[in-house]
Amino acid sequence: MFSGVKGKMTAKANFQCSKCTIGDPDDTTELKELPIGNTDKVECVDRFCYLGDMIGDGGGAEEASRARVRCAWSKFMELAPILTLRGASLRLKGKIYKICVQRVLVYVSETWATKADDIQRLQRAMVRWMCGVKLKDRRSNRELLDRLHVVEIGTVVSRGRLGWYDHVERMPKEKWVSKCRELEVEGDKGKGNGKNTWRQGVEEDRKRLWLDRRDVQDNARQSGGISGNCPTSTCAEKTLNL
């Protein structure tokens, strides 16, 4: 009555605010199935699990990393009597963690297009608990990993992604796995910068480790470069130029 509008108010069933409705305000139907051909249909979901990897409709690795964290914590809690035992060797704890927990945590991460948030999500809490250290003790994550003789999770993900890239790169071009690298999804592109792709992540990994494309066909040299045990062609050239 304070708006100055006169007249009787009437109830409207199924009302939706026009500012909150995308598209036609009268169209409140939600797509549940996607028709394929004349007879087949596929259910529309916001995420699904395929061979242990959680794939979300928003792209990226957020859904996958969250799922792996849940699985890794489940495995960690099974082994908590050993991994959190006071007085036990940190090196032994680190070995058990790498074999039984970390492998669960990074499963299928070779195919992820990760962001910094995804990596942070993967490397929380467990290490401090194993070392018996609290936040107020002001110990860095890197220091605790060194005490456990464990490589940080970001490096593990990066090495796995590079190893998978090199494996695919050596495949014959007619293989469907190789062809998928050049696959482009049709549709309108949204405003702003798009999300980082898997290929962009690979290129960032290669630059950080000074890996050269010429070493892809040399399996021994490329593997040594990824693990940091052997200089690559680019690394050798930089050293000579110094």
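Bear in mind these aren't lab numbers, they're just calculated from the coordinates by the rules spelled out. Remember, predicted model here, so these are calculated numbers, not experimental data. Cβ placement follows ideal geometry from the backbone for every residue including glycine, while neighbour counts extend to all protein chains displayed.
Observations, loosely collected:
- Dimensions in Å of region 47-150 - Rg and Dmax from alpha carbons: 14.5, 46
- Hz values of 3J(HN,Hα) by residue in region 49-66 - Karplus curve (6.51, -1.76, 1.60), Gly and Pro given as x: 9, 10, 6, x, 9, 8, 10, x, 6, x, x, x, 10, 4, 4, 5, 5, 5
- Approximate spin-label separation Lys32-Arg138, in nm, with each point projected 7 Å along Cα-to-Cβ: 5.9 nm
- Taking a point 7 Å from the Cα of Asn196 along the Cα-to-Cβ direction, the residues of region 91-125 with backbone N closer than 20 Å to it are 105-124.
- The peptide list 134-141, 146-153, put in order of mean Cβ contacts within 10 Å with the highest first, becomes 146-153, 134-141.
- Whole-Hz ³J(HN,Hα) from phi, Karplus 6.51 cos²θ - 1.76 cosθ + 1.60, for region 156-171, glycine and proline x: 4, 4, 4, 5, x, 5, 5, x, 5, 4, 5, 4, 5, 4, 7, 6
- FRET E, pair Ala80, Lys207, Förster distance 30 Å, beta-carbon r, rounded to 0.05: 0.15
- Per-residue HN-Hα couplings for region 95-104 [Karplus 6.51, -1.76, 1.60; θ = phi - 60°; Hz; x = Gly/Pro]: 5, 5, 4, 4, 6, 9, 10, 5, 5, 5
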